[in-house]
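Notes follow the structure.
Since every read-out is calculated from the coordinates, none of them should be taken as a lab result. Just so it is clear, the structure is predicted and the values come from calculations on it, not from any experiment. Using ideal geometry, Cβ is built from the backbone for each residue, glycine included, and neighbour counts are taken over all protein chains shown.
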Amino acid sequence: MSDNVFTGRSLTVIEDFSIEERRYFFKKVYELKNAILSDDRKTMDEFRINDPDFGIYEVFLEDSTRTKESFRNAAKFHHAKVSELICSSSSINKGESYADTFNMLSGYDNAIFIVRSKVEGLCRYLDEQSRAYQQRNNLKLKRAFINAGDGKHEHPTQELLDEFTFLEDNNMDFSSLHVALVGDLYHGRTVHSKADGLKVFDNVKVDLIAPAELAMPDSYVEKMKENGFEVRIFPSIEEYLKADDIADKWYFTRPQLERMGERILQKQDELRKSITFRREFMPLLKEGTKFYHPLPRHKEHPTIPTFLDNTPLNAWERQAINGMYCRMVLLSLIAGKIGSDYTGKVKTDEESALRQEEYIVSVDLSDRPAGGKVKNYSEGVHPIDNGIVIDHICKGDSPSEIREHMRLISSVLGVDEGRGGEWISRGADGSFKGIIFRPGEYNLSRKDLKRLAAVAPHCTLNIIKDGKVIEKFRTHMPPRIYNFDDLCCANEACISHPSQGEGVSSMFIRTQDGHYACAYCGRFHTYKEIWKRGGRN
Ligand code: NCD
């Protein structure tokens with residue numbers, strides 16, 4: 001069982017499983033679904049955990065019907081120990097931390113937790129911190145955390161069942177997908193998971209249909225484009241139907257009124273109209289079109305009206321049923337019951353390649369003429385005999401942006417109390433850049449250099465002794481930024497935000513387009529936005 005890469009794995013976001021792992025998963029779901037539908041007991045038993053002591057715990061801190069009940073039914077299929085935390089009467093309401101609550105439950109011999117919460121990134125944090133608890137208490141099995149929806153962030157198991165249903169309608173062919181995502185694309189975590197989820201298809205076209213108030217956040221649109229999807233944006237179904245090349249798969253979502261502010265709620269009728277399907281649209285649909293919905297739909301204002309239930313458009317009922325099959329297979333994989341024959345790529349392989357990248361590069365000064373004096377950099381600043389000069393700051397930004405960022409750099413590096421100054425100069429190409437001069441004794445450690453690269457990538461650091469540049473470093477954007485007390489995710493709903501009071505230290509991961517995504521909630525930041533205001537102070 002130990003060589004099964006799925007055993008004890010958490011699914012906190014859809015990307016926690018590689019594309020190959022997900023494709024393997026879908027193959028298994030197909031097998032199990034067929035076995036169940038044909039009452040093939042032998043195959044069903046190959047998937048069953050079949051252990052009354054194997055603990056699966058449901059912890060739902062937000063309302064749910066389908067996700068919770070399909071998981072419960074899936075867990076019962078496995079003849080396992082299935083429990084549920086009654087959150088309204090638990091110590092979470094007495095101010096207990098999530099870490100303490102979940103650690104305790106895992107101590108009671110439970111291996112898999114299914115968690116829904118408003119707090120974004122909670123499962124990832126639980127996965128990280130449970131390892132130490134496990135060691136302290138000699139627990140053998142690694143605990144796994146399955147994200148059953150976290151705030152507006154992700155809903156990876158919904159993503160798996162959505163994709164499985166698309167695949168069924170594609171004859172299990174991964175070569176292409178054209179899908180329209182309709183509705184509340186701003187609050188809907190199921191559509192957010194699609195930005196990475198749909199990568200399992202080779203060629204992806206996504207049409208986003210939502211009024212501006214409910215539009216897909218830019219970071220997800222950006223991610224879709226980076227992932228090579230062709231993306232089009234429309235404000236309403238009506239407008240979409242005027243376009244060429246309409247999708248044959250429409251994925252509807254409901255307006256999530258419970259997450260909206262007063263300002264948007266006032267416009268709800270108008271917003272709903274733009275994302276609700278109407279009878280008059282029927283003739284404009286492509287032949288063979290299917291409609292999907294993560295459900296629930298609103299009984300008075302469904303975005304897929306009930307007159308469509310009994311038409312071939314209806315794929316949403318089969319989709320919801322598929323939820324149970326997908327969750328059965330997921331539990332089976334994480335329990336290590338199936339999956340030992342998997343030989344493809346594992347998600348963690350990609351991560352370790354990223355960690356090894358060098359982002360502080362020492363510049364070879366040996367072939368430079370003696371000197372390299374600081375006055376070469378300066379414009380009217382007294383030359384420095386001993387000290388540091390940070391050059392090329394925010395090259396290309398406006399002077400006021402550069403000035404503001406130089407204040408942040410000084411504060412983050414803890415050099416704001418020193419002598420010296422800041423300077424903005426203009427290069428031959430007309431662009432501005434900032435320079436920080438600090439005469440004095442500075443012994444920068446490796447950690448200081450890491451802080452410098454994190455707050456001032458694309459700069460040079462010059463170390464000056466006796467009027468000479470004795471060392472010079474070029475900084476690049478670090479692949480990860482973590483382990484500094486003064487980092488802070490800007491999303492208040494994120495588990496790592498100080499207002500959550502859980503004491504989680506922030507971590508950011510560089511994105512392809514040069515942003516930093518919070519490792520917990522995925523929120524995009526620029527490298528300037530990841531610091532608590534005022535840096536170290
Ligand atoms: C969705 C959810 O909770 O994110 N429902 C679900 O899990 N099937 C969508 C919703 O609430 O609208």
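Between amide H atoms placed 1.01 Å from N, distances below 5 Å from Ala144 occur with Ile112, Phe113, all of them 5 or more places distant or on a separate chain.
A Förster radius of 30 Å combined with the Cβ-Cβ distance from Met282 to Asn73 puts the calculated FRET efficiency at roughly 0.30. Only helices enter this figure: runs of n ≥ 4 DSSP H residues, each worth -39500 (n - 2.57), summed and divided by the residues of the chain, yield -9000 deg cm²/dmol at 222 nm to the nearest 500. Dipole size of the chain about its Cα centre, with +1 on Lys/Arg Cβ and -1 on Asp/Glu Cβ: approximately 800 debye, rounded to the nearest 20. Axis of helix 156-168 versus longest Cα principal axis of the chain: the two differ by about 60°, to the nearest ten degrees. Computed extension gain for Ala243 through Lys465, at 0.36 nm per residue and net of the alpha carbon distance, reaches 73.3 nm. On a 0 to 90 degree scale, rounded to 10, what angle separates helix 316-334 from the longest Cα axis of the chain? Taking Cα atoms only, the helix is inclined about 60 degrees. Sequentially through region 82-97, phi angles give Karplus couplings (6.51, -1.76, 1.60; θ = phi - 60°) of 10, 10, 9, 8, 7, 5, 5, 10, 9, 6, 4, 6, 9, x, 6, 6 Hz, Gly and Pro residues having no value and appearing as x. Between Val346 and Arg263, the modelled label-to-label distance comes to 4.8 nm, taking each label 7 Å out from Cα in the direction of the beta carbon. Close amide H pairs (under 5 Å, H built 1.01 Å from N) link Phe6 with no residue at least 5 positions away or on another chain. Label-to-label distance, Ile233 versus Asp53, with points set 7 angstrom from Cα along the beta-carbon direction: 5.6 nm. Rounded to the nearest whole Hz, the Karplus-based 3J(HN,Hα) values (6.51 cos²θ - 1.76 cosθ + 1.60, θ = phi - 60°) of region 144-154 follow the sequence 10, 10, 9, 7, 9, x, 10, x, 9, 7, 9, with x at glycine and proline. The angle between the Cα long axis of helix 19-37 and the main principal axis of the chain comes to about 10°, on a 0 to 90 degree scale. Whole-Hz Karplus values for region 52-65 come out as x, 9, 7, x, 10, 10, 9, 10, 10, 8, 9, 4, 6, 10 Hz, taken residue by residue from phi with 6.51 cos²θ - 1.76 cosθ + 1.60 and θ = phi - 60°; glycine and proline positions read x. Given their separation in residues at 0.36 nm each and the Cα-Cα distance between them, Glu213 and Asn93 gain 39.9 nm when the chain is fully extended. Taking the number of Cβ atoms within 10 Å of each Cβ as an exposure proxy, the fewest-first ranking of Ser90, Ser445, Ser10 is Ser445, Ser90, Ser10. Apply the a/c threshold of 1.5 to the C-alpha gyration tensor of region 358-478 and tell me whether it is rounded, prolate or oblate. Rounded is the answer for region 358-478, as its axis ratio a/c remains below 1.5. By the count of other C-beta atoms within 10 Å, a proxy for reagent exposure, Tyr482, Tyr527 are ordered fewest to most as Tyr482, Tyr527. Put a dot 7 Å past the Cα of Asn137, heading toward its Cβ, do the same for Ala490, and the two dots end up 3.9 nm apart.
Since only Leu452, Asn147, Gly440 are under comparison, the one whose Cα sits farthest along the positive direction of the charge dipole of the chain, derived from C-beta charges on Lys, Arg, Asp and Glu, is Gly440. Counting neighbouring beta carbons within 10 Å and listing from fewest to most, the residues Trp423, Trp531 come out as Trp423, Trp531.
Quote the FRET efficiency, to the nearest 0.05, computed for Leu308 versus Arg41 with a Förster distance R0 of 30 Å and r equal to the Cβ-Cβ distance.
Efficiency, from the Cβ-Cβ distance: 0.25.
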